[in-house]
Amino acid sequence: MKRFVIADPQKCIGCGTCMAACSTEHKKVGVQSHPRLTVIKHKDATAPVMCRHCEDAPCARVCPVQAITKEDDRVYINETLCVGCTLCAVACPFGAIAFDGSRPVAMANSYDTFIPSTTRSSNPSTSVPGVFGQDILAWEPGVKSIAVKCDLCGFREQGPACVEVCPTQALMVVDEDKIIKARERKREEAANVAQSITVEL
């Protein structure tokens, strides 16, 4: 049974605290700082959309380099293996996979030599010495776009940061126990409704 985080749109106020916490916690451990969830608004309701860690994981099935795998109670992306093909984002039924730039750990962030760059040059952009990417269409050596999705903050003992910081407790982690309890509660409610209908007849 996979775990996942779910939101209650009736409690969510769309503050974006969950996205900020997600970004901060992942940046601390040296992976993409892009938030693994996106708060969206539909009519009068807001709620974050994130990975549901599907049992059949269509994203993992289409990944050509096996960068997405099922590990214990979650579906995990290995950022080092990802080639940025975007097939996982197409396959995801929830639109929970985003793409963001990444630089390998061993790649230099700057060069000692200043390299002039224009919008038509193929040189790395060093318009400001020591800083890349300032010019339109300029590229940064070693940077590639890779898939980013919820990993349930597997590196945190406290669990997902988004759940911990939500000011209205709109987020919760769903696991097998909670699903069993919800199923039993719904069966009891259905039985009570059936009983009341029988009495009325």
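The values are calculated or read from the model by the stated rules, or taken from the named source; none is laboratory data. Keep in mind that this is a model prediction, so the values were computed, not measured. For neighbour counting, all protein chains shown are included, and Cβ atoms are generated from backbone atoms with ideal geometry for every residue, glycine included. Side chains are part of the model used for accessible areas, which takes the heavy atoms of the whole protein and leaves out ligands, DNA and RNA. Shrake-Rupley method; radii C 1.70, N 1.55, O 1.52, S 1.80 Å.
Annotations for the structure displayed:
- Residue in the stretch 56-69 that is surrounded by fewer than 17 Cβ atoms within 10 Å (Cβ to Cβ) and free of Cβ contacts under 8 Å to residues at least 12 places away in the same chain present: yes
- Tally, over the stretch 144-201, of residues that are in a helix (DSSP H, G or I) and out of contact with any Leu (no Cβ under 7 Å at 6 or more places or on another chain): 28
- Among the residues of the stretch 6-40, those that are part of a helix (DSSP H, G or I) and surrounded by 20 or more Cβ atoms within 10 Å (Cβ to Cβ) comprise Cys18, Ala21, Cys22, Glu25, His26.
- Cβ-Cβ under 6 Å pairs, at least 6 apart or on other chains, the stretch 137-156 side open to solvent by 10 Å² or more (accessible area, probe 1.4 Å), far side β-branched (Val, Ile, Thr) and at pLDDT below 85: Leu137/Thr119
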